[in-house]
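Here is the structure we will look at.
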Amino acid sequence: MGPRLLTELARLVMQPHPAPATALCLDLSELPLPPAAAQADLPAWMTAEWPRWTAEVQSRVTPDRWKHVQRVALLAAQIAYAAGLDTRRAYAAGILHDLARDLSGEELLRLAPPECELDARWPLAVHGRAARSALETLGFGDTVVLDAVEDHVTGPRPGHAIAACVYIADVSEPGRGVNDDIRTLALRDLDAALAQAISSKVRYLSSRGTEVHPRTLALYRWLERERPVTWAGETPA
Ligand SMILES: [Fe+2]
């Protein structure tokens, strides 16, 4: 099952516009686990409740955003698989990450009050935190997934490998038309891909005189200090 599904994922991920129905029906329990992982009991949100969460996202975003969301989820699962991580949580976080992306600035700041001056001036900066807040209100409780959803805008908190998969997938999914090199690198070296993605973002914004979000800047400085890092604390479900 694993290799066949991975082949299918690869085919979908590499197409800018995969047919929505194909990815929409992807059952989390079908996603391959790393070979060494033991089969564990799956929580209800991964099984019977999962269609409700996909429908929740689809009802809140534009059709084009929904296509992007599916590409991010599939790529995040692939990156996670390549790194020996939890493909299911990576996929789930990919599906959920842009839940709040199409809300108004006023709604975003109501869900996620500004933490800094940049948030107040540019409410899209909080759409990851706003998605987390909305999901928690709806009853979603997996903290690994919620952290990844929250961090997808400003960068993964240090050591959070699933959040790194989702962040990289979001910036490099084929529909973006940029960062193909980061996508390719992520499939063999997640740490290196993250360092490249964050440093190129910080340098690009700085070169344009655009303010870098304090969370991203903190991550950039941590990577400078700590890289190469060992992603710890993530065990396959
Ligand atoms: Fe987003």
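The values are calculated or read from the model by the stated rules, or taken from the named source; none is laboratory data. Just so it is clear, the structure is predicted and the values come from calculations on it, not from any experiment. Cβ coordinates were reconstructed from backbone atoms using ideal geometry, including for glycine residues, and neighbour counts include every protein chain displayed. Please note that ligands, DNA and RNA were not included when accessible areas were found on the heavy atoms of the full protein model with its side chains. Shrake-Rupley method; radii C 1.70, N 1.55, O 1.52, S 1.80 Å.
Here region 64-73 is the region considered, the condition is being of a type outside the set (Lys, Arg) and surrounded by 12 or more Cβ atoms within 10 Å (Cβ to Cβ), and the residue that is nearest to Ile168 (Cα to Cα) is Val72.
Of the residues in region 40-63, at least one is open to solvent by 30 Å² or more (accessible area, probe 1.4 Å), in contact with a Leu (Cβ under 9 Å, 6 or more places away or on another chain), part of a loop (DSSP other than H, G, I, E, B) and at pLDDT 75 or above. Against the conditions (1) within 15 Å of the ligand (Cβ to nearest atom); (2) open to solvent by 10 Å² or more (accessible area, probe 1.4 Å); (3) of a type in the set (A, V, I, L, M, F, W, C); (4) farther than 22 Å from Pro63 by Cα, Leu124 satisfies every one except (4). Go through region 96-121 and give me each residue that's in a helix (DSSP H, G or I), away from the ligand (no atom under 16 Å from the Cβ) and open to solvent by 60 Å² or more (accessible area, probe 1.4 Å). Those that are in a helix (DSSP H, G or I), away from the ligand (no atom under 16 Å from the Cβ) and open to solvent by 60 Å² or more (accessible area, probe 1.4 Å): Glu106, Arg110, Glu117, Arg121.
Taking each residue of region 151-171 that is under 16 Å from Val202 (Cα atoms) and among the polar types (S, T, N, Q) and looking for partners that are more than 10 Å from the ligand (Cβ to nearest atom) and part of a loop (DSSP other than H, G, I, E, B) with beta-carbon atoms closer than 7 Å, six or more apart or interchain, yields Thr154/His213. Counted as qualifying within region 134-205 are the helices (runs of 4 or more DSSP H) with 2 or more residues that are within 13 Å of the ligand (Cβ to nearest atom), open to solvent by less than 10 Å² (accessible area, probe 1.4 Å) and of a type in the set (A, V, I, L, M, F, W, C), namely 143-151, 161-172.
Scanning region 122-133 for residues that are part of a helix (DSSP H, G or I) and out of contact with any Leu (no Cβ under 8 Å at 6 or more places or on another chain) returns a single hit, Gly128. Ala90 meets each of the listed conditions (1) within 15 Å of Leu135 (Cα to Cα); (2) out of contact with any Pro (no Cβ under 9 Å at 6 or more places or on another chain); (3) not acidic (Asp, Glu) apart from (1). Taking every residue in region 78-102 that is charged (D, E, K, R) and modelled with pLDDT of 95 or more and pairing it with any residue that is buried (at least 24 other Cβ atoms within 10 Å of the Cβ) and not in a helix (DSSP H, G or I), at least 6 positions away or on another chain, the pairs with Cβ-Cβ distances below 9 Å are Asp98/His152.
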